[in-house]
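Below: the structure, in structure tokens.
Please treat every number below as a calculation from the coordinates, not as lab data. Nothing here was measured: the structure is a model prediction, and the numbers come from that model. Backbone-built Cβ (ideal geometry, glycine too); neighbour counts: all protein chains shown.
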Amino acid sequence: MTVLQVEHLNKAFGGLTVTDDVTFALSAGERMAIIGPNGAGKTTLVNQIGGVLRSDSGRIHLNGVNVTEWPSHRRVGHGLIRTFQISRLAPDIPALDQVALAIHQRDGSIGHMWRNKNAYTAVIEEAEHILADLQLSRVARHSPAEMAYGDQRLVEIALALALKPKVLLLDEPMAGVPRSEAQLVLDALDKLPADLAVVIIEHDMDLVFRFAQRILVLANGAVLADGTPDEIRRNEVVRQVYLGSEAQV
Amino acid sequence: DTVKVGIIGPFSGPFAHYGKLFKDGAESYLKQQGGKFAGHDIEIIYRDSGGPNPSGVKTAAQELIVSDRVDYLGGIVFTPNAMAVAPLVQESKTPTVIFNAATSSITPKSDYLVRTSYTLWQVTVPIARWAHEQGIKKVVTAVSDYAPGVDGETAFKEEFTRLGGEVVESIRMPLNTNDFSPFAQRIKASGAEAVYVFLPGGPPSLGFVNAYNENGLREAGIEFLGTAEMDEFDLQKFGDAALGLKTAFHYSAAHDSDANREFKKAMKAQAADALENYASVGAYDGMHIIHKMVEATDGKKDGDKAIEAIKGYEWESPRGPAKIDPETRHITQNVYLREVERDGDILVNTEIENFGMQPDHGLKK
Amino acid sequence: MSMLLEVKALEAGYGPLTVLHEVSFSVAPGERVCLLGRNGVGKSTTLKSVMNLTQYRAGSVYWQGHDITRLSTVERARRGIGYVPQTRDVFPSLTVEENLIAGLRNRPRSEVQKAYELFPRLYERRNNGGQALSGGEQQMLSVARTLLGEPQLLLLDEPLEGLAPIICEELMHAFDKLSREQHVAIVLVEQKVQEALKFAQRALVLDHGAVVHESGTAELINNPTILDRYIAVAE
Amino acid sequence: MQLFSNILIDGIVYGMVLFIISVGLSVTMGLMRFINLAHGAFAMAGGYVAAWLVREEGYPFLAALVLAVLAAVVLAALLETFVFRFLYKRTELEQVLFTIGFTFAAIALANLLAGPYIQLIPLPEWLDGSMSLGDRTLPTQRVFVILMGLVVVLLLWLIIAKTRFGIWLRASVDNAPMSSSLGINIRLVQCATFAFGAGLAALGGALGAELMPLEPYYPLKYLVLMLVVVSVGGLGSVSGTLIAALVLGVIDTAGRYLASDFGTFFFYVAMILLLAWRPEGILRRH
Amino acid sequence: MPIASYSLGAGANRARFAWLGYVLALVVMFALYWFLPGSLLMLTHIAIMAILVMSLDLVTGYAGLPTLGHAAMFGMGAYSAGLFAKHFSPDPLLGLLVGAGSGALIAFISGLFLVRYQGLAFLMLTIAVTLILQSLANSFQGITGGDNGLTGYDISPLLGQFNFDMFGVTGYWYSMIAMLVCYAVLRRIMRSPFGLCCVGIRENRERMAANGTRIYPHLVRLYVIAGFFAGVAGALSAQVTQVVSLDSLGFELSAEALVMLVLGGLGTLNGAIIGTTLYSVIHHYAATANPFHWLFVIGGLLMLVVFLPKGILNRFMNRIGRNVLSLIGRGT
Ligand SMILES: Nc1ncnc2c1ncn2[C@@H]1O[C@H](COP(=O)(O)OP(=O)(O)OP(=O)(O)O)[C@@H](O)[C@H]1O
Ligand SMILES: Nc1ncnc2c1ncn2[C@@H]1O[C@H](COP(=O)(O)OP(=O)(O)OP(=O)(O)O)[C@@H](O)[C@H]1O
Ligand SMILES: CC(C)C[C@H](N)C(=O)O
Ligand SMILES: [Mg+2]
Ligand SMILES: [Mg+2]
């Protein structure tokens, strides 16, 4: 079943075409990676799908519903969650509270004005759980401003998970996360419901090949290749513009 | 036994110069009397009101009455501040002398309020009559858009049209106007023969008079009919721009009388930079009124007796003869037509006509 | 041989928090050192401390034999220490070209060409605002900007992060050239342990803010205990 | 037609005065991102010094103007070095608190030293008259202000957009530690910029004194006005500040010609519309 | 300044002793009443300002929107309460509700527009709104009394029992109790998920948006709540002083409230009360001791506070906070 369908998406900044007629579909439970040279338009594509950027033309369907004109919060409400390439955390709010906020948002209690937030024990327990899964319990009560960068990246992922996504777009989630911890992220992703579709943008080919069932290669805003990891690895053009000698991995 | 007098005024903020005028006026009188009224030591307690700030002033007045136990209150520059203390004064029977606030409706607010300043009605009605007598038919009014300005505008319009003149345009200028050229241009374009103005002292008066000259109103022969604009506090700042401007007012530092000379002497003794104008004379006379009340009550706190004692009281003030109207408790006084002239190095308001004793026309309607 | 940089028993941190505990190491002119360790052990803090961007508690820092412990960040930069932070810190309100000019200090503007030669991509985007760059482009800009200051010692905090593999290769190549031809010393912090070990001559391993191991890289590659314990290389 | 040209002439003249007293604030607040509510205090200081030099010491007007600006620059450089620089890292509201406190102290000081009086700067003969513009006149002093305004615009534009100092300045504001790491002497850059902003303030205080007379309360009295111009113009945008000042000047003047009973109503409505349309400043698209 | 500490879990225990804090607050009020009978009006004034500053804290402290136009809601509350007393009913409690309601109403109307903006634009727009209201109030002299102020209304005895007397005894208790109730309600609101959400919006809007949280309706809601309480403060002031004047809609009042808030520390209701008290008391005694040059003292105080080492001020504040107010519950 197709959960996300992107059709003929375009975007230009001034004269620069950054997304060039991109079309692809994502099925429930699929694990896909998007790779491509720096500045190929990967982040821009995620921004368009997430609704942060308006597309110049093209359509986006989420679970069969046309969401092209929807504002981003509405897309989030329907299970389309993304993370940011460069951390966007509230620097002075403890991690646990930030995760709790995401859960409140998800279950609709974020606007409650009368009950003490500490009284929502289920929410707090869930938040603690999510952080523990990413081995973040030790910094749960720290705020991002006083965390190492790697920890911040993990908190960002915790936030995405707390929203219980149906489609999860991860923009270089492992950037700044050491290998050892990267495994944690992969483990956490493995534990996600089987019908969750995950798209990951990543430059670390080890991780990409370990994770993805399918790889989409972007170059100059356009889809250069779309196929299984093996196909991509063997693709001569991809090797030239992106992989370089690492293709031997 | 000391008699305590609380003086409320703006001692800080944009109107702080009023505070200094009050202080110099009041203390010069007290010094002149050797620090005692009718043998009683006088202690003045100052309280800062800032600008128009009724709730703060009410607090200050309440503390003066309740914890400092003052026998008299004085001061007050702004009408809303006066309005705020009125109920308190009434309830505590504290005789209170308004040194400045100039709206007619103040004194009826409490039986214990006396006023030694003036009202806009009091000085405007005579100048409207004078304009009519000069054969002026068309006048434009230009006033600052706040209560005294509106009072002046109404007073002028009412009296001038009653006499058969025409007010061709009424301009209200926002209080925080910096550039008066547009108003000057409008006055010029209105075809009027004279302009009645009311502006609070300081920057607005300076700005308006500059615009009056720079935009050629003077050359066009449009007569300037003012009230407080040429007040001594700002007068020297105008320079030649002010020469020949006419205002109707109750006090000129150039008033030729012994009482005024004595006042000036007392002021010089008080401080080198002390300045005689309507605010300091208001304070000076205000202290004189308090002096009378202390005398009448022999230093005891008795509000009713004190107020009774000054109803109808007449004396020679630096401004000329003065009398407290027994009904309104407002000061009845001469209003003069003055013209700015050069006297040696300095500018003075020379009294060129005396309109005689005027009541507060605003209350006598 | 006299050392270029010597850090002696440095204790440093942020506010009340002390992160580094008696860290000592030195770098010889033209030497290539890599700094390894898990998440949050203080690698970035070490580099920042060399730049005097943290608060010192004790210890000292020497540059070419002179005590620079009390010298400001600016002074250190001017004496020849270049720093590429982990967070890139591109100036968002400056264009790409202005960012590069900022790195030039007082040298002529024409020298920005050197940066464009290294990263042609930056030339294409030279009039872009700093905030409108892709992640990888920011990384290139940050590195290029620091190189324009012609440092004698280059502190690189995860410079390969977010770069396409092919660019990574080129960049490591460039660093290699820099150190060989211009004799620039390099301290490299990198998560890609293999790359780092391939590049450097000597490795320092950090844990909990202290140096727990120091050796030639070849030696470290053959020391699975250390690798496993402090760096946790998965493979 | 006559009315229309009057509105335009008076509006532009007034706008130029607004520009000259505000542009320094745009520099400190916009380029340094320092919420300097003490800007008016420097303007007042400049004005007071100019007034004192011309009136009491008999200096020629232009010499006094230059000296007043220099005095403000030196004063600001000292204050920056010993006091203000410690505030850059503080929150905006702490900066507000401090600079308001500073302004209070400046007011009290002016009151103490020079009394609660207006300080006039006597104009030299060549500025005192009026110039005739067909059927109306314009004070020469304001023509001078317009010229000075244009000089300031040009000068600032050159410095900020064209020189390396401009780049260093914007870099230091974006990220001070990173700038230091690149060898930019941010202390020098900051101090120079702050002092420069104060110099502009002083120039505005002295030149604008005809319309906004100098008195102890000056620093607070015109603060909102300056903030309006600066915010509508866009922080740090010199040409934006100029356009905002002219637009607001014309609108305010039109209000005074056409509907003065509404007071400042139109001025603030205009400001609301402009800010709602371009919250980042009149020249910045969002 | 470290803002809102949202340590979780710790609050639960303390909540059980919350009533103790309120009892303590009442004791303090009695003590002040007994020992400072001459200062009741000043204390009343502090209580009213504290409500205004707490309300301001919601907008500026919790949601991070600096405003210099908070007097708009205060003034609306004051004028409505005054006009209500003059033309409809002199009952104080009804008037209080009317004032609060109109504060909330104006906050809603202006908030729909205002909270779309942030930073300097928001700040300037709030100034514009309040100055426009002020100029309207000036224009409609017939209703508002213009700058002579709105006077000539009476307030009937509180609960039919307690007359608003010259010594301000009734006004004192009325305002103090009102402040306490406002504190309790606001504290409760700001410790809810909604309060946390506002802090989240302050700290990082993009982050909240990425969570799918809609910023706008939450901020409007917060602004209305703030308007309600600013309206309460305005109404109290109108009833206790029995005069409303244009300065209640002024920029100066807004600025003064902001200064008090920053002084006490943003994002904590305790800070709002402490800041108000500190500023008012020092202002009062400085102005009484030297009505001519007290501005030096206030100016110096503001500068000093910024430069005091963080630790000292925080420790000082915390101690006050713990001893006096904190039993009620720590920094919401
Ligand atoms: N707001 C903008 N204005 C102009 N150009 C932009 C803007 N945002 C991005 N770009 C340009 O669009 C191109 C695509 O950027 P994008 O961030 O999508 O790349 P990316 O594929 O995510 O690269 P990376 O792997 O380096 O993160 C880049 O060249 C970037 O400079
Ligand atoms: N600005 C800061 N304020 C307070 N503590 C900080 C700050 N930056 C880092 N820390 C703390 O210092 C410790 C070391 O951080 P550092 O950034 O040096 O780690 P790192 O080794 O570079 O980690 P990573 O691999 O994730 O980049 C961490 O525990 C972190 O929480
Ligand atoms: C003309 C002024 C002395 C009047 C005074 N401001 C008042 O409010 O009454
Ligand atoms: Mg990207
Ligand atoms: Mg690091």
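A few notes on this one:
- Taken along the Cα-to-beta-carbon direction at a fixed 7 Å, the label points for residue E:163 and residue B:261 span 5.5 nm.
- Antiparallel bridges, percent of DSSP beta bridges restricted to the protein assembly as shown (to nearest 5): 50 percent
- A dipole drawn for segment A:2-248 from +1 and -1 charges on Cβ atoms has a positive end, and of A:193, A:145, A:50 the residue lying farthest that way is A:50.
- Structural descriptor for chain C: relative contact order 27 percent, calculated from alpha carbon pairs under 8 angstrom and at least 6 residues apart.
- Convex hull of alpha carbon positions in segment D:2-277: directionally averaged projected area 15.4 nm².
- Computed about its Cα centre, the charge dipole of the protein assembly as shown is approximately 2540 debye, with only Lys, Arg, Asp and Glu carrying charge at their Cβ.
- With θ taken as phi - 60° and the Karplus curve 6.51 cos²θ - 1.76 cosθ + 1.60 applied, the whole-hertz 3J(HN,Hα) list for segment B:110-122 is 7, 6, 10, 9, 10, 10, 10, 9, 7, 10, 4, 4, 4 Hz, x standing for glycine and proline.
- The alpha-carbon atoms of segment B:207-290 define a convex hull whose volume equals 105 cubic angstrom per residue.
- Taking segment A:22-153 and dividing mean pair separation by its residue count, relative contact order in percent (alpha carbons under 8 Å, at least six apart): 21 percent
- Positive-end residue, segment E:173-273 charge dipole about Cα centroid, Cβ charges, pick of E:189, E:234, E:269: E:189
- Most fluctuating residue given options B:328, B:247, B:161, as computed from a GNM of chain B linking Cα atoms under 10 Å: B:161
- When GluC sites (Glu not before Pro) are flagged only if DSSP places them in a loop and at most 11 other Cβ atoms lie within 10 Å, the longest unflagged stretch of chain D comes out as D:58-286.
- With each label modelled as a point 7 angstrom along the Cα→C-beta vector, the residue A:226-residue E:24 pair spans 6.6 nm.
- Rg over Rh [alpha-carbon atoms, Kirkwood Rh] for segment C:87-163: 0.92
- Segment E:141-190 shape via C-alpha gyration tensor axes, a/c threshold 1.5: oblate
- Note on chain A: GNM, Cα springs under 10 Å; of A:202, A:236, A:172, the largest mean-square fluctuation is that of A:236.
- Derived scalar couplings between HN and Hα for segment D:149-162 equal x, 5, 4, 4, 4, 4, 4, 5, 4, 4, 5, 6, 8, 9 Hz in order, rounded to whole Hz, by the Karplus curve 6.51 cos²θ - 1.76 cosθ + 1.60 (θ = phi - 60°), x for Gly and Pro.
- Using a cut-off of 23 Å between Cα atoms, the listed pairs B:23/B:58; B:109/B:301; B:4/B:323 include B:4/B:323 as exceeding that distance.
- Magnitude of the charge dipole, chain E, Cβ model with Lys/Arg +1 and Asp/Glu -1, debye to 20: 1380 debye
- Over segment D:85-218, the Kirkwood radius and the radius of gyration, each from Cα atoms, give a ratio Rg/Rh of 1.08.
- Per the Cα gyration tensor, segment A:171-232 maps to an equivalent ellipsoid with semi-axes of 21, 15, 11 Å, ordered largest to smallest.
- With each label modelled as a point 7 angstrom along the Cα→C-beta vector, the residue D:62-residue D:150 pair spans 1.7 nm.
- Between the amide H of residue A:3 and those of A:26, A:27, A:28, distances stay under 5 Å, these residues lying 5 or more places away or on another chain, with hydrogens modeled in the peptide plane.
- Evaluated at q = 0.18, 0.20, 0.21, 0.22 Å⁻¹: base-10 log I(q)/I(0), Debye formula over Cα of segment A:149-202: -0.53, -0.67, -0.74, -0.81
- Summarising the strand pairing of segment A:153-238, around 50 percent of its internal DSSP beta bridges are antiparallel.
- Where GluC sites (Glu not before Pro) fall in DSSP loop in segment B:213-272, at most 14 other Cβ within 10 Å: B:219
- Scaled radius of gyration (Cα, divided by 2.2 N^0.38 Å) that chain E gives: 0.97
- Surrounding net charge for residue E:283, when Lys and Arg each add one and Asp and Glu each subtract one, Cβ distance under 12 Å: -2
- In terms of the mean number of neighbouring beta-carbon atoms within 10 Å, the peptides E:71-78, C:94-101, D:211-218 order highest first as E:71-78, D:211-218, C:94-101.
- Computed over segment B:220-266, Cα set: Rg, Dmax in Å: 12.8, 43
- Dipole orientation for the protein assembly as shown: of the candidates B:310, A:111, B:46, A:111 has the Cα lying most toward the positive pole (charges on Cβ; Lys, Arg +1; Asp, Glu -1).
- Dipole magnitude for chain C: about 560 debye, using +1 per Lys or Arg Cβ and -1 per Asp or Glu Cβ, origin at the Cα centre.
- 21 Å Cα-Cα reach of residue C:198 towards lysines, excluding residues that sit fewer than 8 places from it in its own chain: C:43, C:177
- Chain A: most fluctuating residue of A:211, A:84, A:24 per GNM, C-alpha cutoff 10 Å: A:24
- Alpha-carbon centroid distance for the pair segment E:116-168 / segment C:114-164, whole angstrom: 58 Å
- Rounded to whole Å, the principal axis extents of the Cα atoms in chain C read 47, 42, 37, largest first.
- Segment D:6-47 and segment E:208-254 have Cα centres lying 30 Å from one another.
- Mean-position separation - Cα centroids, segment E:45-110 and segment C:27-86, in angstrom: 55 Å
- Cross-link partners for residue B:188 among the lysines, with Cα-Cα distance under 22 Å and sequence neighbours closer than 8 places in the same chain left out: B:137, B:138, B:157, B:246.
- The protein assembly as shown pair-distance distribution - Cα-Cα, 10 Å bins, rounded %: 1, 8, 14, 18, 18, 15, 10, 8, 5, 2, 1, 0
- Length-normalised contact order of chain B in % [C-alpha pairs under 8 Å, at least 6 apart]: 19 percent
- For chain B, the spherically averaged projection of the C-alpha convex hull amounts to 16.4 nm².
- Other protein chain C-beta atoms within 10 Å of residue C-beta, averaged over B:17-26: 2.
- Kirkwood-based shape ratio for chain A, expressed as Rg/Rh from alpha carbons: 0.98
- Largest to smallest principal axis extent of the C-alpha atoms in segment B:41-85, angstrom: 31, 17, 15
- For chain A, excluding the exposed loop sites themselves (trypsin sites (Lys or Arg not before Pro), DSSP loop, at most 16 other Cβ atoms within 10 Å), the longest remaining stretch covers A:55-114.
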